[in-house]
Amino acid sequence: MIKCLSSVLLTALLTFFLSTLVQAQSLSNLSFGTDSTFEVVSWNIEWFPKNGQTSVNAVGEIIGALDVDVWALQEIDDSSKLKQAIANLNDYKLVYGGSDSRGLTYVYNTKTISNVKTYQLFSESKYSSPLPRAPFVLEFTYQDSVIRIINNHYKCCGNGKWDKTNTNDEENRRYLGHRLIMDYVDSLWSDENVIVVGDLNDILTDDRNNNIFQNELTNSRQYRFVDLAIEESNNANWSYPSWPSHLDHILINGPLLKQYNKPTTEVRCIKVEGQLSGGWSEYDRNISDHRPVAYKFDFKPIIRPNDTLGTQVSVLELDKPKINIYPNPSSGRVFYDVSPKLEVTHILVKDILGAVIISEQLFSNGISMEGFVDLDKTGIYFLQFLHKNSVLHSELIIKGDN
């Protein structure tokens, strides 16, 4: 009897050891990053660690194998366990967003990026409805250029219909949160390298009346959802197979569009489960219900041909029409000058939560134009210039005390 039990125990232990070894070898076969490209991955790791030490070991192997520059993570429930997961990856460091960001975390490669700063946006309680998690920013230098990544996890759920009149509607909360982030980018960082990533909890292919991302989708001169092709492909490639839907997105702004069009660019939903003997059920049980979405591109600053000093400039800046807004801050009246070539059809003034305070039609017809708006109450606003339904320019303006 003792001999029989020992044999059974030995067999069980051997089976467990071999299955663990096969899994480790399989995960190490994953690949994505290269030495010549910049990579960012957005990954919701479903309240990590989902299955204790098994999750810790697997996530560490995945991060090590894919060899990317920046991981923007959501739902990190225990940052100390994530530190343990990357403890053997000497080139990687972790920074956690804290209680206001509720699970937003970055893991980044210290050999490829430098001058790292992190901070939150809209962390005040009045923004908690549109942005339940304060957006977490990673600012850094890569190849002598500054890049900012904004990581967020939008409000979930809803019935698929966007009720624009109801501030408690889930789609509307996502829209208002998205607009806060995008208006902030338009106002302060329109000429900077910005990437917005995360579990944005909504799809890109909704019809126009229900699509909270419509402004960025139709404004191809200023923005690009690089993962749109994933959502437009077979649902087997989507980031959230359980629904199925594609909820995890990577959005780049104008200064990075030139990089997107290079042949080395690649965006992919990483099917980690394909490397596991148990497939999706094993991945979902031990790691996450979301797949990582990865984007890589060859980032080389664009140099003006006749610039003998080699000043780095965005291609979009070489002949970019301007809108000047002044004074800012203001005691009440804010003036604007619109340069030629911009066909502005109307302007909007919105409060910080996205409510329209002023709406006026304009007819610039591609010529210079001047005007002003009057602000009554002290506060922060966004002044937007539109061509039909596309935002040409958005700027944060401040109304101080008289």
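The values are calculated or read from the model by the stated rules, or taken from the named source; none is laboratory data. The structure presented is a predicted model; accordingly, all values stated were derived computationally and were not measured. All Cβ positions, glycine included, derive from the backbone under ideal geometry; neighbour counts span all protein chains shown. Surface accessibility is based on the protein's heavy atoms, side chains included, excluding ligands, DNA and RNA. Shrake-Rupley method; radii C 1.70, N 1.55, O 1.52, S 1.80 Å.
Residues checked against (1) hydroxyl-bearing (Ser, Thr, Tyr); (2) open to solvent by 50 Å² or more (accessible area, probe 1.4 Å):
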{"site": "Ile63", "(1), (2)": "no, no"}
{"site": "Leu66", "(1), (2)": "no, no"}
{"site": "Leu73", "(1), (2)": "no, no"}
{"site": "Leu94", "(1), (2)": "no, no"}
{"site": "Gly98", "(1), (2)": "no, no"}
{"site": "Thr105", "(1), (2)": "yes, no"}
{"site": "Thr110", "(1), (2)": "yes, yes"}
{"site": "Asn115", "(1), (2)": "no, yes"}
{"site": "Tyr119", "(1), (2)": "yes, yes"}
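Evaluate region 347-356: report whether one residue or more is modelled with pLDDT under 90, more than 18 Å from Asn219 (Cβ to Cβ) and touching an Asp or Glu at 6+ places or on another chain (Cβ under 7 Å).
There is no residue in region 347-356 that is modelled with pLDDT under 90, more than 18 Å from Asn219 (Cβ to Cβ) and touching an Asp or Glu at 6+ places or on another chain (Cβ under 7 Å).
Residue pairs, Cβ under 8 Å, 6 or more apart or interchain, first in region 164-176 and under 17 Å from Ser128 (Cβ atoms), second of a type in the set (Lys, Arg) and surrounded by fewer than 20 Cβ atoms within 10 Å (Cβ to Cβ). List them.
The qualifying pairs are Asn172/Lys164; Tyr175/Lys164.
If you go through region 238-281, how many residues are of a type outside the set (D, E, K, R), closer than 20 Å to Leu30 by Cα and part of a helix (DSSP H, G or I)?
6
Which of the following residues is among the polar types (S, T, N, Q) and free of Cβ contacts under 8 Å to residues at least 40 places away in the same chain: Ser128, Ser145, Ser42?
Being among the polar types (S, T, N, Q) and free of Cβ contacts under 8 Å to residues at least 40 places away in the same chain holds for just one of Ser128, Ser145, Ser42, which is Ser128.
Taking region 180-204, which residues are touching a helix residue (DSSP H, G or I) at 6+ places or on another chain (Cβ under 8 Å) and open to solvent by less than 10 Å² (accessible area, probe 1.4 Å)?
Correct list: Leu180, Met182, Val194, Ile195, Val196, Leu200, Leu204.
Could you say whether any residue in region 127-137 is aliphatic (A, V, I, L, M), out of contact with any Lys or Arg (no Cβ under 9 Å at 6 or more places or on another chain) and either at pLDDT 95 or above or buried (at least 16 other Cβ atoms within 10 Å of the Cβ) (or both)?
no
Kindly list the number of the only condition in (1) at pLDDT 95 or above; (2) open to solvent by less than 60 Å² (accessible area, probe 1.4 Å); (3) more than 24 Å from Glu266 (Cα to Cα); (4) part of a helix (DSSP H, G or I) that fails for Gln84.
Answer for Gln84: the failing condition is (2).
Test Asn253 against the criterion of being over 18 Å from Glu75 (Cβ atoms) and open to solvent by less than 10 Å² (accessible area, probe 1.4 Å), and give yes or no.
Yes, satisfied.
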